[in-house]
Amino acid sequence: MRAVFAGGASLAVFAAVFGSPAFAADDTTAPANAAAAADASADGLGTIIVTAQRRAEDVQHAALSITAITGDSLKAKGVTDTDAIARTTVGIEIQPSSGPYTTFSIRSVSSLSGNAFADPAVAVNYNGVYLATPTTFRGLYYDLDRIEVLKGPQGTLYGRNATAGAINIIPKKPDFSFGGDASVDVGNYGHFDFSGALNVPLSDTVAFRVAGQRAKHNGYMSDGTSDEDVQAARASLLFEPSSNFSLLLSGDWSHEGGKGPGATLRTNCSNLGKQGNGCFVADPYTDVGDLASYYTAAHIAPQTTDPFLDSNYYGANLNADLTTGIGTFSLIGGYRKSDVSYVTTGTSWQLREKQHPEQESVELRLASPSGQRFQYVFGAYYLNTDLHARANGENATRHTFSDQWTNLSGWTGALFSQLTYGLTDTFRLTGGLRYTYEQKSSDSKRYNIATIGPDPVIPPAPVGNPVNTVVGKQSWNQVNWKAGFELDAGPSNLLYGNVSTGFKAGGFYYGPPGSDTYQPEKVISYVLGSKNRFFGNRVQLNAEAFYLNYTDQQVSFVKLVGSTSTLVTENAGKSHVYGLEVEGDFLPLDNTRIGAQVQYLKAKYDSFTYQTLAPPPAASDCAVTPGVPQATVDCAGVTPLNSPEWTIMGDIEQTIPLGSGAKIVAEGNVRYEDHYQTDISYIPLGLGGGTARVNLGLSYIAPNDRFSIKAYVDNVTDVVTVSAQTMSSSYSVFPYFGSRLLAPRTFGVRASVNF
């Protein structure tokens, strides 16, 4: 680990030497990261302005690990959902889970608490509003100004549930010029994606913008799952009577249908008479396997043949800014509501859920004027949440349903500040503090229901006496902080370091009284980084070394509590993580751009012990101590889930100017990641990743970007990539994993027009 920080320090010295005016960029306005390279020109690499630290600043001046991707880049890369964000940067793993759920992992910090009460580990914010429920990150990825991915705990400015980091989704605002755009994308698997926006100035002070999207494709799996069916619309009204005041009102709606994420069967190759560690029972994209025969052999109930998603999402935002002599006051109010309904299947279980989350939030901030020696942000935050859900999860071997009626309510309030003071013109110190109070209440019950048949009729009301009753109230106080420094080593060279903390909220699970709650988990992060531009703004080299202590990790597993088998969530884990992330972007010629990103990650559990009725097989990397009625599993020393040691991305873009002012752009990119463990069993069959995915594109862009046409192929080599897995609950008689896969080879044509 010492070598990692030595590498970061070496880069800092390099920046200090070569960051002199003779070698640094001529333009003292630092440009953006690799995401801005699409705007590169003969004048050098482009610039992205971000607001990740609650003030507008060049991303190269932001003293934290952040990747910013412009809306144009997102459209060019075909990013239309949350899962695709992982294609834009290293350091983040995104796996689709059951139904509309998505699991994030940033620098080995992720959410392993898979119960109805769990909070996410990454704070996803839409138009400045925190999205409190993991099912609500849907139908948002169109007509965007940019996406910001913040890596590492963000407890001071973002508060609870930002232990891994934060993702900011920023839509385009109305402006005072008439115009719009439209794009259509068609390809294999019945792919069709249309999006468009229209901007209309209604007066000198009022502007209106409306945008929408329709995206769909057939299932990548032979049973029709892993498909897409999304409709979305957004309307925004901007009132700007002066340069000192603006009021933005917006509303959005989206619907997600289709069948949702799918899975296929994977087993030890020896079970199929083959060589290797893991083999699919059939071609994963043309035949998910003869599931019925395996269910029969293991005496497991057949699963539903009709999984589906049918969810509606609604939102309303208010964003007001008032600029005064002491700074800009910002008011951000948000309301979100969802009606979520889905049925999803696995190898030995199925899950049905209807969920109705609702939230209201408000944040008030004061940010100092830019350019002064003393910079400050002060703020107050309030969030109120309600969740009503019913989930039916079948334990297939016993033909019973666990019928859960979940009713949660809660609120959180916070006061925060972040201060930066320039001791000299080139050296600054930063300190931040946030106090959070959080309260959660539960009135929830779990029942067991006997069922018959593959698609049993679930009664509309609870039946019998509850197996578990989770009724009560919990509250927590938490103080997060940040301390750091910034040094301008040259006109376009920044060296920074900071220590910051984060926490993820505690909660409830379905257990007997006295054994149905868990406490918050905590992260403290140490980073040393450098951001640099050299040689007339044509070379960018950024690096960050990091070390994290991750304590009281919330982990879910099946355990016998009293006489009842229960999916518990306990603060069972403690780990440390260190690594180095390097990003480079180069313009060797005016029309040639080369980019690369590399992350080296080393993570290990210092302690992780749990008890379970279903211990992992003997091949597990964990130490298993048999017991009656349950075994003890000790995973100290193993690598946490979703933590590839190496992740490497590279891309190249060649522009060919045409005499008319038009141009042809050829591009290619690749993303490789090491194998990583996907399942708590820690057996070799649970490994995912370990593949390189190559994408190619060729575009014609008309003069002044009036229109463009692009042909593309994603995953050129048609490699099969396992992204997430779950071991069968009946592994001793049914030695298979349910494996979720990334997309196969896809290709198509994308056309866009601007007016």
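Going by the structure shown, is Ser348 outside any strand (DSSP E or B) and modelled with pLDDT under 95? The answer is yes for Ser348.
Looking at segment 251-279 only, could you name the residues that are within 24 Å of the chain's Cα centre (by Cα) and outside any strand (DSSP E or B)? Write out each step before concluding.
So the first thing to find is which residues in segment 251-279 are within 24 Å of the chain's Cα centre (by Cα), and the list is 251-264.
Of everything in segment 251-279, those that are within 24 Å of the chain's Cα centre (by Cα) and outside any strand (DSSP E or B) turn out to be Gly257, Gly258, Lys259, Gly260, Pro261, Gly262, Ala263.
Restricting the first member to segment 223-240 and to residues that are over 15 Å from Ser203 (Cα atoms), and the second to residues that are buried (at least 20 other Cβ atoms within 10 Å of the Cβ) and among the acidic types (Asp, Glu), the beta-carbon pairs closer than 6 Å and six or more apart or on different chains are Val230/Glu256; Arg234/Asp252.
So if I check each of Val467, Val471, which one is touching a residue at least 40 places away in the same chain (Cβ under 8 Å), farther than 17 Å from Gln53 by Cα and not aromatic (Phe, Trp, Tyr)?
Numbers: Val471 fails: touching a residue at least 40 places away in the same chain (Cβ under 8 Å).
Unique residue meeting the criteria: Val467.
If a residue has to be part of a strand (DSSP E or B), surrounded by fewer than 17 Cβ atoms within 10 Å (Cβ to Cβ) and not aliphatic (A, V, I, L, M) to count, how many in segment 676-709 make the cut? Number of matching residues: 2.
Counting only strands (runs of 3 or more DSSP E) that sit completely within segment 615-664, those holding 1 or more residues that are more than 28 Å from Thr551 (Cα to Cα) correspond to 646-657.
With the condition kept exactly as written, say whether any residue in segment 710-733 is within 26 Å of Gly393 (Cβ to Cβ), modelled with pLDDT under 95, surrounded by fewer than 16 Cβ atoms within 10 Å (Cβ to Cβ) and in contact with a Ser or Thr (Cβ under 9 Å, 6 or more places away or on another chain).
Pass one, segment 710-733, residues within 26 Å of Gly393 (Cβ to Cβ): 722-733.
Checking which are modelled with pLDDT under 95 leaves us with 722-733.
Narrowing the set further to residues that are surrounded by fewer than 16 Cβ atoms within 10 Å (Cβ to Cβ) leaves 732-733.
Narrowing further to those that are in contact with a Ser or Thr (Cβ under 9 Å, 6 or more places away or on another chain): 733.
Within segment 710-733 (the criterion being within 26 Å of Gly393 (Cβ to Cβ), modelled with pLDDT under 95, surrounded by fewer than 16 Cβ atoms within 10 Å (Cβ to Cβ) and in contact with a Ser or Thr (Cβ under 9 Å, 6 or more places away or on another chain)), the answer is yes, since at least one residue qualifies.
Per-residue answers, yes or no, for (1) buried (at least 24 other Cβ atoms within 10 Å of the Cβ); (2) modelled with pLDDT of 85 or more; (3) not hydrophobic (A, V, I, L, M, F, W, C):
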{"site": "Ala3", "(1), (2), (3)": "no, no, no"}
{"site": "Asp43", "(1), (2), (3)": "no, no, yes"}
{"site": "Thr51", "(1), (2), (3)": "no, yes, yes"}
{"site": "Thr80", "(1), (2), (3)": "no, no, yes"}
{"site": "Pro96", "(1), (2), (3)": "no, no, yes"}
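Counting the residues of segment 609-629 that are among the aliphatic types (A, V, I, L, M), farther than 23 Å from Tyr676 by Cα and out of contact with any strand residue (DSSP E or B) (no Cβ under 8 Å at 6 or more places or on another chain) gives 1.
Determine whether segment 194-210 contains at least one residue that is within 30 Å of Thr323 (Cα to Cα), aliphatic (A, V, I, L, M), at pLDDT 95 or above and in a loop (DSSP other than H, G, I, E, B). Among the residues of segment 194-210, at least one is within 30 Å of Thr323 (Cα to Cα), aliphatic (A, V, I, L, M), at pLDDT 95 or above and in a loop (DSSP other than H, G, I, E, B), which makes the answer yes.
Applying the condition of being surrounded by fewer than 21 Cβ atoms within 10 Å (Cβ to Cβ) and of a type in the set (D, E, K, R) to segment 648-675 and asking which residue is nearest to Leu741 (Cα to Cα) yields Asp674.
Against the list (1) in contact with a Lys or Arg (Cβ under 8 Å, 6 or more places away or on another chain); (2) in contact (Cβ under 8 Å) with a residue 40 or more places away in the chain; (3) over 18 Å from Gly278 (Cα atoms), the condition Asn715 fails is (2). Return yes when Thr406 is assigned to a strand (DSSP E or B), at pLDDT 95 or above, hydroxyl-bearing (Ser, Thr, Tyr) and buried (at least 21 other Cβ atoms within 10 Å of the Cβ) and no when it is not. Answer is no for this residue. A search for C-beta distances below 8 Å between a residue of segment 412-426 that is farther than 18 Å from Gln154 by Cβ and without any contact (Cβ under 8 Å) to a residue 60 or more places away in the chain and any residue that is outside any strand (DSSP E or B) and not small (Gly, Ala, Ser), counting only pairs 6+ apart in sequence or on different chains, returns Tyr421/Arg373; Gly422/Arg373. If you go through segment 264-323 and keep only what is surrounded by fewer than 21 Cβ atoms within 10 Å (Cβ to Cβ), modelled with pLDDT of 80 or more and charged (D, E, K, R), you end up with Lys274, Asp310, Asp321.
Any residue at all in segment 721-739 that's in a loop (DSSP other than H, G, I, E, B), of a type outside the set (S, T, N, Q) and free of Cβ contacts under 8 Å to residues at least 60 places away in the same chain?
Scanning segment 721-739 turns up no residue that is in a loop (DSSP other than H, G, I, E, B), of a type outside the set (S, T, N, Q) and free of Cβ contacts under 8 Å to residues at least 60 places away in the same chain.
Taken together, Lys173, Lys151 contain a single residue that is within 16 Å of the chain's Cα centre (by Cα) and at pLDDT 95 or above, which is Lys151.
Among the strands (runs of 3 or more DSSP E) lying completely within segment 49-159, list those that include at least 1 residues that are of a type outside the set (Val, Ile, Thr) and under 28 Å from Leu331 (Cα atoms).
Details: elements: 66-70, 92-96, 102-106, 122-126, 144-151.
By residue number, 66-70, 122-126, 144-151.
Across segment 219-250, the number of residues qualifying as assigned to a strand (DSSP E or B), in contact with a Ser or Thr (Cβ under 7 Å, 6 or more places away or on another chain) and hydroxyl-bearing (Ser, Thr, Tyr) comes to 2. Within segment 351-370, which residues are more than 16 Å from Asn312 (Cβ to Cβ) and modelled with pLDDT of 85 or more? Across segment 351-370, the qualifying residues are Glu360, Ser361, Val362, Glu363, Leu364, Arg365, Leu366, Ala367, Ser368, Pro369, Ser370.
The values are calculated or read from the model by the stated rules, or taken from the named source; none is laboratory data. Predicted model only: the values in this text are computed from it and were never measured. Quick reminder, even Gly has a Cβ in these numbers, built from the backbone with ideal geometry, and neighbours come from all protein chains shown.
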